[in-house]
Structure formats: structure tokens, C-alpha cells
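**Q** One structure, pasted below without further comment.
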Amino acid sequence: MSGAASGARSVTVRVPAKVNVQLAVGAARADGFHDLANVFLAVSLYDEVTVTPADALRVTCSGPDADQVPLDRTNLAARAAEILAARGGFAPAVHLHIAKSIPVAGGMAGGSADGAAALLACDTLWGLGTARAELLDICAELGSDVPFSLVGGAALGTGRGEVLTPLPAGEFHWVFAVADGGLSTPAVFREFDRLAEGRAIPVPQASPALTAALASGDADALAATLANDLQPAALSLRPGLADTLAAGTEAGALAALVSGSGPTTAFLCRDPESAGKVAAALAASGTCRATRVAASPAPGATVLPS
Ligand code: ATP
């Protein structure tokens, strides 16, 4: 059976990208994962996943980076549909279309976003009404960043990043510089481990100054507290990112940092006007492939009206 119980012909879910305003990384654990204190912030850069009943599971993707997105069962959107259908004992007979705006392998959790979006879209199409806590469990099974994509806003992630505590956040303005090519998150963590060899790594902890700045909406205070422990590793693998960071700061960004595992770089700006200027200067600098202006916080995965 198809499991399509709601009678809807298709469901579209919009889902945001994230930037980590703090990413504190602990030493490698025995299971290879790292304990993290990870402050996620959802930004207004969105993918849209549309799910439509079909004969069998199929994934398509559109957008400038579409050719880099796997269309097989390794796509997190496909895996989300499979896991949800398996729980109900039916086949995931759907066509998943991803309209992709989030940079691929860019450190902005694009694949995770699509996983959360597909889960919510399929749950809605199939009329399952799965409890929020169960959806979050499935998200955690899909990947460490997936629960936050469902929830959005701002949150502290602990454990591998999947245990979430919502945080209050004022409004902030951002520019993102998209780099040529991606960076593999596991490769960046391996480089972190290599650079950390022989050094004592402190237990990762959320910064009270940063969470207070986030809540206050004070861009100067947030700029002074932004921190990404993966940045040296990302810069070691992609030294050219230092030029992008410098170009944005010179153009008036209050702070610049690598987004998550990179190679997308993030620039915190005072207001939308300043963000427009920083984006134009970055585009003219020749140090990145594209620029995107966004605001935070953005809502998590949301079903769009049909
Ligand atoms: P994160 O910030 O969570 O570490 P990322 O933003 O760096 O992730 P993604 O865009 O999620 O990276 O892509 C990482 C890899 O995941 C891709 O290279 C691709 O092989 C795979 N992938 C699986 N599903 C998707 C998807 N729906 N969209 C993009 N990539 C996907």
C-alpha cells in the first residue's frame, strides 16, 4: 500500500539553513564522534522539499548545486521517507523533489535540512500525525544536525549536537559567501584531531556571554563572542578562505567566521544595508563563488499552504 491517507496530492515543506554561532569541539570519543557544545542559529536561506505520491521512491533536485546532490537512497530526504514508511509497515511510494538553495557540503546543514523537511512532508502527506518527540527521534537517527532543522530558531546542541535546548534570540543580519566546491565534514573533524594532537582539549561548554548576546539582539556583543573550533581545521584544508574572511571584514562586517565545517563563510552585519554592502564587496573581491544575504532567527521546517 502507498500509505497515502491524507488525500493530499502533494505537500511542500520549507526548511532553513543553519550557522553555528558557537561550535566548541571536545576530544574525539571512543566511538569516533566528538562531544560538542553547539549553538545553532537558523537563517532565512531555505530549501523546499515537495512530496507527491508515485509508484516508487524517487528523488529529483533543482537549483545551482543540483548536480552535487545524490539522487539515490543515500539522500537524507529519501532516508527520512524510508524510515517513516518502515515504521508504518508500508512502502515509501513518493516522488521527493528538492528545490535547493542551501549550499551543498557547505557547512550549513543542507542535507540535514532536506531530511527534516522530507520527514515532515511525508508525515503530512500520509496523514500519520507522528508525535513531535518521535519525529525528533527519527531526525536524530538521520544525523546530528537534523533535529535542529526541524526545530529552527536558535538552540544549544549537546552530545553529538542532537540534544537540543531552545535559546532565545534577537534579530541579526548575515551575509554568506559560498565557496567553490565543498568540504567533507568528517575530513574537517579529522583535520581538527590532527591539529589537536598532543594538546589537552577542554570539555566543550556553551559560552554564557554568547547566549546572552544572542538573546539581546546586540550585534556588537554577538560579534565579540562568535567562536568556531573547526575554523582552524577548515582554514588548514582551504587556506584561501582566509582571503574571503578578510574581504568581508574590510567591507564592514562586524565579525567573520567559517560556518560549521565550512567552506561557506558567514559575516555578521549591523543591519540589512550593511549586509547589502558587504555582499557586494565580497562578490567584487573574487574570493568566493556567490553571496547570499539572510536574517536570523528563521523558523524550522514548515508545511507551506497548498
Ligand atoms: P553539515 O553542516 O551538517 O556538516 P554540510 O552543509 O556541510 O553539512 P550537506 O550539504 O548536508 O553538507 O552535504 C554533505 C553531503 O551529504 C553531500 O556531499 C552529499 O553527498 C550528502 N547528501 C545527502 N543528502 C543530501 C541532500 N539532500 N542535499 C545535499 N547533500 C546531501
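**Q** With the contact rule set at Cα under 8 Å and sequence spacing of 6 or more, what percent relative contact order holds for region 11-167?
**A** 30 percent
**Q** Once phi is turned into ³J(HN,Hα) by the Karplus curve 6.51 cos²θ - 1.76 cosθ + 1.60 with θ = phi - 60°, what whole-Hz value does each residue of region 139-154 show in order, with x for glycine and proline?
**A** Each residue of region 139-154 in turn: 4, 5, 5, 6, x, 4, 8, 5, x, 5, 4, 6, 7, x, x, 9 Hz.
**Q** To continue, here is another question. For the chain, report the translational diffusion coefficient in µm²/s to the nearest whole number, using Stokes-Einstein at 37 °C, 0.692 mPa s, and a Kirkwood Rh over Cα pairs.
**A** In µm²/s, the coefficient rounds to 168.
**Q** What are the residues whose amide H is under 5 Å from the amide H of A298, where those residues sit 5 or more places off or on another chain and H is modelled from the backbone?
**A** A42, V43, G153
**Q** Can you tell which of A215, G252, L237 lies farthest toward the positive end of the dipole of region 172-296, using +1 and -1 charges on the Cβ of basic and acidic side chains (Lys, Arg; Asp, Glu)?
**A** Projecting each Cα onto the dipole axis, the largest value belongs to L237.
**Q** Now, a different point. Which angle between 0 and 90 degrees, to the nearest 10, do you get for helix 110-125 versus the longest principal axis of the chain when only C-alpha atoms count?
**A** So the helix axis and the longest Cα principal axis differ by about 30 degrees.
**Q** Can you list the HN-Hα couplings for region 128-133, worked out from phi with the Karplus curve (6.51, -1.76, 1.60; θ = phi - 60°), rounded to whole Hz and with x for Gly and Pro?
**A** Ordered by residue, 3J(HN,Hα) equals 7, x, 4, 4, 3, 4 Hz.
**Q** So, one more: Which is the longest stretch in the chain that no exposed loop site breaks, taking sites as chymotrypsin sites (Phe, Trp or Tyr not before Pro) with a DSSP loop state and at most 15 other Cβ atoms within 10 Å?
**A** 91-306
**Q** Counting only protein heavy atoms and a 1.4 Å probe, tell me what percentage of region 152-303's accessible area is made up of carbon and sulfur.
**A** Roughly 56 percent, rounded to a whole number.
**Q** Under a point-charge model restricted to the Cβ atoms of Lys and Arg (+1) and Asp and Glu (-1), what is the dipole moment magnitude of region 121-226 relative to its Cα centre, in debye to the nearest 20?
**A** Charge dipole of region 121-226: 200 debye, to the nearest 20.
**Q** Given a cut-off of under 8 Å on Cα pairs at least six residues apart, what relative contact order in percent is computed for region 172-296?
**A** Contact order relative to length: 43 percent.
**Q** Looking only at A187, A42, A279, which one moves most when the chain is put into a Gaussian network model with springs between Cα atoms under 10 Å?
**A** The residue with the greatest mean-square fluctuation here is A187.
**Q** Still on this structure, please answer the following. C61's amide H: which non-local residues (gap 5+, or another chain) put their own amide H closer than 5 Å, with H modeled 1.01 Å from N in plane and none for Pro or chain starts?
**A** Answer set, sorted by chain and number: I98.
**Q** Which of rounded, prolate or oblate describes region 141-181 when judged by the alpha-carbon gyration tensor and an a/c cut-off of 1.5?
**A** It is oblate, given that a/c is not under 1.5 and a/b is not larger than b/c.
**Q** Testing the spin-label approximation: label points 7 Å from Cα along Cα→Cβ at D72 and A86. State their distance in nm.
**A** Taking the two extended label points, one gets 1.7 nm.
**Q** What distance in nm lies between label points placed 7 Å from Cα along the C-beta direction at S216 and A200?
**A** Here the answer is 3.1 nm between the modelled labels.
**Q** Taking only C-alpha pairs under 8 Å that are 6+ residues apart, what is the relative contact order of the chain in percent?
**A** Result for the chain is 26 percent.
**Q** Step through the residues of region 40-50 one at a time and calculate ³J(HN,Hα) from phi using the Karplus curve (6.51 cos²θ - 1.76 cosθ + 1.60, θ = phi - 60°), rounding each to whole Hz and writing x for Gly and Pro.
**A** 8, 9, 7, 10, 7, 10, 10, 9, 10, 10, 10
**Q** How large is the charge dipole for region 11-167, taken about the Cα centre, if only the Cβ atoms of Lys, Arg (+1) and Asp, Glu (-1) carry charge, to the nearest 20 debye?
**A** The calculated dipole for region 11-167 is roughly 140 debye.
**Q** While we're looking at this one, here's another question. Taking the chain as a Gaussian network, where each spring joins two C-alpha atoms under 10 Å apart, which residue of R79, R29, R160 fluctuates the most?
**A** R29
**Q** About its Cα centre, how strong a charge dipole does region 172-296 have in debye, to the nearest 20, once Lys and Arg get +1 and Asp and Glu get -1 at the Cβ?
**A** Around 220 debye, computed over region 172-296.
**Q** Now for a separate question. With every protein chain left in place, what is the accessible area per residue of region 166-256 in square angstrom, probe 1.4 Å?
**A** Normalised by residue count, the accessible surface of region 166-256 is 48 Å².
**Q** How far, in degrees from 0 to 90, does helix 272-285 lean away from the longest principal axis of the Cα atoms of the chain, to the nearest 10?
**A** Helix 272-285 sits at roughly 80 degrees to that axis.
**Q** Follow-up question, since we're still on this one. Using +1 at the C-beta of Lys and Arg and -1 at the C-beta of Asp and Glu, which of L167, A154, S184 has the Cα lying farthest in the positive direction of the dipole of the chain?
**A** Farthest along the dipole direction, towards plus: S184.
**Q** In region 172-296, what is the volume of the convex hull around the alpha carbon atoms, normalised per residue and reported in Å³?
**A** It comes to 101 Å³ per residue, whole-number rounded.
**Q** Name the long-range amide H neighbours of D47: under 5 Å, sequence gap of 5 or more, or other chain; modelled H, no Pro or chain starts.
**A** V15, A17, S101, I102
**Q** Give the shape of region 116-216 as rounded, prolate or oblate, defined through the alpha-carbon gyration tensor: a ≥ b ≥ c are the square roots of its eigenvalues, a/c under 1.5 means rounded, and otherwise the shape is prolate if a/b is larger than b/c and oblate if not.
**A** prolate
**Q** Before rounding to the nearest 500, sum -39500 (n - 2.57) across all DSSP H runs of length at least 4 in the chain and divide by the residue total; then give [θ] at 222 nm in deg cm²/dmol.
**A** -10000 deg cm²/dmol
The values are calculated or read from the model by the stated rules, or taken from the named source; none is laboratory data. Since the structure is predicted, the reported quantities are computational estimates derived from the model, not experimental observations. Backbone-built Cβ (ideal geometry, glycine too); neighbour counts: all protein chains shown. Keep in mind that these areas ignore ligands, DNA and RNA; they rest on the heavy atoms of the full protein, side chains included. Shrake-Rupley method; radii C 1.70, N 1.55, O 1.52, S 1.80 Å.
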